[in-house]
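Student: Here it is: the structure, laid out below.
Values quoted throughout were computed directly from the atomic coordinates according to the rules given, and no laboratory measurement underlies them. Remember, it's a predicted structure, so these values are computed and weren't measured experimentally. Cβ placement follows ideal geometry from the backbone for every residue including glycine, while neighbour counts extend to all protein chains displayed.
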Amino acid sequence: MGTMTINISDETEWKFRQAVKEELGEGKGKLGKAVEESLNKWISEAKEAKLRQRAIETLKKGLYKLPKGYVFKRDEAYENRIRKILGTG
């Protein structure tokens, strides 16, 4: 088990202790449990933010390089798909 020493404002410490007391009650290990939950939530949100940013960048960049002036034709795509399924294309 790791040990961390951190410095936070007195106001933040008091608010956190009050919130822990209201949610988990008083007792040995309650504060540590709440800090661990908070850190895990922060880590999870940071990972999600990175994934979201990468997804946005991919959408902006695009997955495929299509020729200039390319127009998607649904009928042709459907015909090609049917040929592949039937093994005639």
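Student: Rounded to the nearest 500 deg cm²/dmol, what is the calculated helix-only ellipticity per residue at 222 nm for the chain, with -39500 (n - 2.57) per DSSP H run of length n ≥ 4? Intermediate results must be reported in sequence, preceding the final value.
Tutor: Working: 3 runs with 60 residues, N = 89.
Theoretical 222 nm ellipticity from helices: -23000 deg cm²/dmol.
Student: Still on this structure: Have a look at 53, 86, 29 and report the one farthest towards the positive end of the charge dipole of the chain, computed about the Cα centre with Cβ charges (Lys/Arg +1, Asp/Glu -1).
Tutor: The listed residue farthest towards the positive side: 86.
Student: Return one number: the angle in degrees, 0 to 90 and rounded to the nearest 10, between the long axis of the Cα atoms of helix 74-86 and the longest principal axis of the Cα atoms of the chain.
Tutor: It is inclined by approximately 90 degrees.
Student: What spacing in nm lies between the two simple spin-label points modelled at residue 49 and residue 13, each 7 Å away from Cα in the Cβ direction?
Tutor: About 2.6 nm, to one decimal.
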